[in-house]
Each structure stands twice: as C-alpha cells, then as structure tokens.
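The values are calculated or read from the model by the stated rules, or taken from the named source; none is laboratory data. These numbers were taken from a predicted model, which means no experiment stands behind them. Every residue, glycine among them, receives a Cβ derived from its backbone with ideal geometry; neighbour counts consider all protein chains shown. These accessible areas exclude ligands, DNA and RNA; they are computed on the full protein's heavy atoms, side chains included. Shrake-Rupley method; radii C 1.70, N 1.55, O 1.52, S 1.80 Å.
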Amino acid sequence: GAVAQAASREIGVDHYLLHRPLAGDLAVDRFDTPIGITPGESYMVTAWVRSGLPQEVSYRLLRNGELISEGKRNMPAGLSRLTFRDKADQPGTAQYQLRVWSNDEDPIPENNLARVLVGIHGSRPMLVVSPAANSQLVELLKRGRLEVQQVDPATRTWSLEELAGYSSVLLENVPAQQVGKAGMENIAAWVKETGAGMMMTGGQQSFGPGGYFKSPLEPIMPVSMELRREHRKLAVAIVIAMDRSGSMSMTVPGGRTKMDLANLGAVQVAEMLSSMDELGVWAVDSSAHKIVELQPLENKKNVTNKIRKVGSQGGGIFVYTALKAASGMVAKAQAGTKHIILFSDAQDSEEPGKYKELLERTSKAGITVSVIGLGKPTDVDAAFLRDIAKRGNGRIFFTEDANELPRLFAQDTIVVARSAFIEEPVPVKMTGGMIPVAGDRFANVPNIGGYNLCYLRPTANLGARSVDEYNAPVIASWQVSTGRVLCYTGEADGKHTGDIARWPDVGRLFSSLARWTAGQGNQHGNKMLVTQKLRGGTALVELHLDPERELDSFGELPTVNVLRGVLGRSPQTNQQTMRWTGADTLATEVSLTGEETVIATVKLDDNTTVSMPPICLPYSPEYRPMRDDIGLATLESLSRATGGVARDVVNEIWQDLPRRPRLIELHPWLLAAALLLLILEVLERRTGLLSVQGRIARIRVEQRAKQKKPTKSVKPQAVGVKTQPPATPSEPHSVPPRPARVSQEHNLGEKAEPQKPSMIDAMRAAQRRAQDRTRKRDE
C-alpha cells in the first residue's frame, strides 16, 4: 500500500479473494486494519477495487456516516487502487464505508459496499446519556476534569463499534425503553467482556420505574429492584385485559407465540404482587372472557396456572368491550389503588366505541389505565392506544419484540405499587465502602431529595445508604467479570436532587464515582505489548513479552475474551486461551464471519485487561471477488497441506497414483482348469481325437486301404508254414512275438504281405529292451 509519510498508516489490502468476478463485476477488496493510530496522526485509507471490465466507476467514502470523499474514475479490467488521506481526531473507533458502482449491471452488487473499523488509541471519554439538553451532572464532571461526551439516547445505535469508542457509559435518569433491548444486551456484554464501565443515576425514569427490572442490564447491576411486601404500605388491585385474537398465535424468535409471552407478562404481574393485593384477568377478542376473577393473591399458583392456559382464537380485540369488562371488575376491589393494564395489537385494535366517556368515568373513580401496544408508535392504531393511556392517566408502552412483554408488564406494576421511588428528603450515611471507590469517605453529606428503592446484592460494595426505615443503598458498586458497575439511586439532576445539589463537594463526589467507573484504561506496564492483525478472515492477537524479563508476569496462560455482535441481535461471547508461539510471544487466532463486529480483550490476570479495537470483515466472505490465479494458488496450498502434488495437466495425475499390490483369488480359476483337463482326458481316452499321432495313424490306414485292390478269393495258409517257437524257460521275461496278420482281402494259399509295425508295437519293443537292461544289471 501507499504510505504518504512516516507517520502514515495504510488501511491496506491483502489479496485474499475467494470467487471469480464475472464480466462487469465490481468489487472492493478487503481492507487491513492499521495498528496504533493516535489522535492528530495522519494516515492513508487505501482500498483496491477490482473491475471485471474497463469502465467508469463512481465511488463514495463515509467516515462515521459523514461524507469525506466522492468522485468518478476510469478503471481498467483487474485491480485498481483508491487512496484517501485522513487524520485521527479523537480516541475511539472510526468507521469507514466505501461504496463503488457503475452504469453497467453488476452481477454481484453485495461486494460493492465495504466497511473497515480503525481504532484510534488514547484516553477515551465517558458517554453520558441524558434526556436533559443542559445536564448539570455533565457540567460537574467537566469541572472535575473528566472527559465526557453527552448524547441524546435517540441518536445512539448501541453497536459494539460505537461503544468501543468510550471508556464507560453513564445513564442519567434514562428509561430502558429508550435504550432498547438490543442496546442493553450490548452494553451488558461490552462491560463484562471488555473491562468497560457503566454508571446509573436515579429518578422517576430510572431503575424500577424506568423498566430496568427483568432487563438485560439488571444482572450486572449491584442492586436489585423487586417489590418486597415488608416495604410496601399500600395494597393495589390490578385487572389485566389481554388481546387473544388470531394474530397472537404467531411464533416469535425463540419458538414461543405472542400469546405465550403475553401470558408470561400477566404471570409476571402476579409474581410481583403479594397476598395483600388483588388481581383479575380478562382475555378479549370480539368479546371478553373471564380468566381469573378479581381476588386477593393468596394462591398464586392457581392463578398463574389459569393465565398460562390462555390461547389465541377469535378475531381482533374489541377495545371498548375490554375496557368495560376490566373497569367493571376493578371497581369492586377493596384496595385503595385501582389500575387496569390493557394489552393490545397496535395494528388490530377494533371497536373504539364510547371509550372517551368510559375513561372519564374511570378517572373520576380513581382508576388508572396503562396500555402496552405490540407494534410500533407509527402503526395504524397506535394513536388510538396512546389516547387511551393519556385519558386513563397511565403509561403507554410500544414494543415490536414480544419477548419484551414480561418486562413491560413488570415495569408498569412497579410504578403502580408506588413504592419504587421515595419522594421525600432522606439523610445519607457514607460507609467505609467509599474509600476504594472515591478515596474519601465524604463526611457531612446533606440530604437527598428522593431515591429509587432498591436492594443491595450480597457481594456488592455499599458506599452509602439511606437513613430511614429502609436502610436502602444509595451508592453501590461492584466488579462484574472484567468490568465495573456503579449505581447512585438518588436523582443527580432534577427536582428530587435535594440539598446535596448545593453541597460544595458534590462535584468532587460525582467526579470520583465517574472516574472509578471509567477505570484507569488498559494498564499493563511497559514490559509487554498486545497487537492485533487482520489477515484473510481471521484476527491474530499476539502478546509480546520483554526478552530481558526475569520471570513471566503471569501464573497461568493469558486468555482472550471474544465479544461478537451484529446490530439488532444479541451479542455472543466466548473465551480462548493463548498459546506460546515463540520464546517471548503468545498468540491466538480469532475467526470473523459475516457482518459481525468483534472485540478481543486480553485478560492477563484478575485485575489487568487489554481491550483491542473492534474489527470486522468488509462484507460477507462469500461475496469476495477472485483473482485469475487464485484457483491454482488455492489448489497448490491445499495439496501442500495434505501432502499431495498440484497437477494442472489432467493426464499427469496417473504419475502420482501409488503402486500397491493387488490380491487376486485363484482357486475359482484353478478349479475350472482342473475340471476342463478332466473332460479332455476322458475325451482322449474314448476317441483319441486330441492325439496328433493317433490322427496320423488313422489317416495312413485310410490311405493304404484306398491303394489296395480288392481280390476275389483268399488262399488258405500252407500247412508247412513255420511258426516262431515259444520263448525258452531261460527267458521268462521275454514277450512272444505276435503272429503275422493276414489280410482278409488275400486269397487263401497266398503269402501275406508283411505289415509295418504300429505305435503300440514300438512301445512294446521298447518295453522289452528296458526289461532286458534291468535284468542284466540284476545279474
């Protein structure tokens, strides 16, 4: 890549491509994340663009959503380079997005948009989320020389790359609904896995009244927010009217239906109330169906079992019918506080009826009405539901995520119980737990104007408590995994701040709390260095130790906490153990997939962590363009890895086939051969057809028979013809000669013509000679 100057860094490219570009295809090759960028430093943003054909290409580069460069360029077929110069402004994460396009149709448009995350080192600010435009708490922190950045919650996406630019988050009286379920999940995971911090201050939009009970943030907080009967002074009566129309049968992520989750929300209300309270439940479609008669909650199990059995059926919900049935039931309650929770679909709320006159009568009777709408605030019936909550002096909640229903039911119940926020001035007593947090015990603290009633968790550190009948925590903190969480249950800036707002040391107090939450950064000394390199879909995280060290500074191998997140989804975490790759180096590889953002945090010991900048792939790997030679290179790499040989000529593959012995079964063939020989032997014995000499002898006999002329008579043999005498006794083994054959064709009295010896005669003569030789040797 191009480097403009010594201080420059390259968001380079390593040509790691996985598919062949088609004609006309445009693609942005992957970026390489630079290491060690500091504020004020210049660096080069370099991207390589691959074009399938020579063409004019348009491009646009954004940094954190802000346009910094755009234009057009004529590019040849193949790889071209686009280089942009930029300058780091502040610590955090800079997110670049490069988009390229042309007038020709692109067969793979998915790889025309690439993104890269650039981590800028330095002291990161605290993110203060506050609905107040001019927060006095922010001013106090700035006077305490803390670097803070105030934002409105509506402007945040709460993505991991966004959070990575800050040391900690401070939620100042912000309702959970403005952060959202996905945002709270990301904050919780970011704090636990990366060593970041979170601080929450109190108010009527925070803690329990703000909807943080049963939220993803509650498990990491040092205080709990349940309702306890011993701390409640007033009984409440609540009637729930639930939508059970056909749309509630739809399945949501997680495998449950909307009706199941609405039932769980109603069950959550029953679980939070006590036997001093009353509860009734209606299920409504085009008519109202009584599920639980209004009664004190003395037998919760029986009530919750009935609620869980509610099923989805019927048409849309008739709102007027639901309100009329619920108000008639709750009017009979004995409790002083009477409340209705209407749950309805924001796109299918029918039959308004005379709801205005009905709500006017319920308001005069002291009955309040809250609405939980399943859907968006912009849905067709959202304005109707919002008006019901306004006329009913209650609260309105909208959610598209049915999994949020139990939390919203619980949030409304906490507010109705009227014991979640104490609105009276209360003295505060500091404890020894303030020393490790602020380094000072802060004596003579004035009264606070009110606080959220919470309960200290068993292992949390108590810094201050209320001096009243509750002895509730006002300042509580703890370490959660590698992160830090602190809660101040009083209101930091508002009508319930109290006398502490005019206390001279109030700025020093809040600055100390915020400074502990933000931590001291990644303090790992100068005897080691952690680096991160992105190569081909994996991030190599390395820990470099001082070669002149005397001993390793850790007892066990360091681990890496890997936090993965995709905007709109729940984050995932896993832990990897580093391995020795050299005498002074440990490393581990972190894989990246799809559109996820990954933050790797090296944990050296219980108190020391090093969080790396977030990293990501430019786009999903299946859309990467491919160079012309990548196929052969991939095959060669694969052959080397498996111990083979790369061949680009097909007929040469036979040269690499291994020679191996092959066993062939011979017994079937030998058996067949033996059988064939047996048949031939029988044939030869019977006919002699297979013998050559036999065939020759027969031919000669036939030829002689044809040459002889036939005679009329046969002469008998003379009487005086001599015959060969028999063998003497001295020759016992002699074989008498055979008498001469007389042809039947000769006349009697004629002398027979001597016949040539046959093959059998020759064999007999040979046998006689062999016997004679044997007899002579025996003598």
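Strictly over 28 Å apart at the Cα level, which of K233/K309; K354/K376; K142/K533; K87/K603 would you flag in this model? Checking Cα-Cα distances, K233/K309; K142/K533; K87/K603 exceed 28 Å. Put simply, when 277-288, 633-644, 137-148, 590-601 are sorted by average Cβ atoms within 10 angstrom per residue, most first, you get 277-288, 590-601, 137-148, 633-644.
Phi angles of segment 652-661 translate, via the Karplus equation with coefficients 6.51, -1.76, 1.60 and θ = phi - 60°, into HN-Hα couplings of 7, 5, 5, 5, 9, 6, x, 8, 10, x Hz per residue; Gly and Pro are given as x.
What order do you get for 226-234, 511-519 when each peptide is scored by the mean count of other beta carbon atoms within 10 Å, highest first?
On the way: 226-234: 13.1, 511-519: 21.2.
Put in order of decreasing packing, that is 511-519, 226-234.
Multiplying the residue separation of S42 and D761 by 0.36 nm and removing their Cα-Cα distance gives an extension gain of 246.7 nm. Between amide H atoms placed 1.01 Å from N, distances below 5 Å from A492 occur with G202, all of them 5 or more places distant or on a separate chain. Report, ordered by chain and residue number, the aspartates and glutamates lying within cross-link reach of K306, taken as a straight Cα distance under 12 Å and ignoring same-chain residues fewer than 8 apart. Reachable aspartates and glutamates: E293. Within segment 288-324, what residues put their amide N at less than 15 Å from the label point 7 Å along the Cα-to-Cβ vector of Q334? What the label zone holds, given the 15 Å backbone N cut-off, is 294-299. Extending 7 Å from the Cα toward the beta-carbon at both Q295 and V252 defines two label points whose distance is 2.9 nm.
Per residue, what volume in Å³ does the Cα convex hull of segment 423-482 take up? Show your work: numbers first, answer last.
Values: hull volume 5.3 nm³, N = 60.
Per residue, the Cα convex hull of segment 423-482 comes to 89 Å³.
Computed over the alpha-carbon pairs of segment 453-510, the distance histogram in 5 Å steps reads 4, 16, 24, 24, 18, 10, 3, 0 percent, short to long.
Legend: calculated FRET efficiency, S123 to L540, from the Cβ-Cβ distance at R0 = 30 Å, rounded to 0.05, equals 0.70.
When ligands, DNA and RNA are left out and all protein chains stay put, how many square angstrom of accessible area per residue does segment 452-498 have with a 1.4 Å probe?
Numbers: 1590 Å² over 47 residues.
Using a 1.4 Å probe on heavy atoms only, each residue of segment 452-498 averages 34 Å².
Our estimate of slack between L678 and S570, defined as 0.36 nm per intervening residue step minus the Cα-Cα distance, is 30.4 nm. Using the alpha-carbon positions of segment 391-516, Rg (one decimal) and Dmax (whole number) come out as 16.6, 50 Å. If R0 is taken as 45 Å, the Cβ-Cβ distance between D89 and A443 corresponds to a FRET efficiency of 0.60. Taking θ as phi - 60° and the Karplus parameters 6.51, -1.76 and 1.60, the scalar couplings of segment 125-139 work out to x, 8, 8, 9, 9, 9, x, 7, 5, 10, 6, 5, 5, 4, 5 Hz in sequence order, x denoting glycine and proline.
For segment 248-372, build the convex hull from the C-alpha positions and give me its volume per residue in Å³. Intermediate values should be presented prior to the final figure.
Numbers: hull volume 12.8 nm³, N = 125.
Convex hull of Cα atoms, per residue: 103 Å³.
For K214, a cut-off of 14 angstrom between C-alpha atoms picks up these aspartates and glutamates, skipping any fewer than 8 places away in its own chain: E185, E226, E271, E404, D412.
Provide Rg over Rh for segment 88-129; use the alpha carbon set for both Rg and the Kirkwood Rh (inverse mean inverse pair distance). Don't jump to the answer; show the numbers that get you there.
Working: Rg = 16.3 Å, Rh = 13.1 Å.
Radius of gyration over Kirkwood radius for segment 88-129 works out to 1.24.
Between R768 and R704, the contour length at 0.36 nm per residue exceeds the Cα-Cα span by 20.1 nm. The phi-based Karplus calculation (6.51 cos²θ - 1.76 cosθ + 1.60; θ = phi - 60°) puts the 3J(HN,Hα) values of segment 229-242 at 4, 5, 9, 9, 10, 10, 7, 10, 10, 10, 10, 9, 10, 9 Hz, whole numbers, x for Gly and Pro.
Annotation: amide H-H contacts under 5 Å for M199 (H modelled 1.01 Å from N, sequence separation of 5 or more, or interchain): V169, L170, L171, L486.
Calculate how large, on average over all directions, the projected area of the Cα convex hull of segment 181-280 is; give the answer in nm² to one decimal. If you can, show how the numbers build up before the last one.
On the way: hull surface 34.3 nm².
For segment 181-280, averaging the hull's shadow over all directions gives 8.6 nm².
Spin-label model, R308/K356: points 7 Å from Cα along the beta carbon direction are separated by 4.4 nm.
Averaging 1/r over each pair of different alpha-carbon atoms in segment 324-444 and inverting the result gives 16.9 Å, the Kirkwood hydrodynamic radius.
I'd like to know how segment 319-359 sits against the 2.2 N^0.38 Å rule of thumb: what's its Cα Rg over that expected value? Don't skip to the end; give the middle numbers.
On the way: Rg = 11.4 Å, N = 41, 2.2 N^0.38 = 9.0 Å.
Output field value: 1.26.
For segment 182-238, take the convex hull of the Cα atoms, compute a quarter of its surface area, and give me that in nm², please.
5.2 nm²
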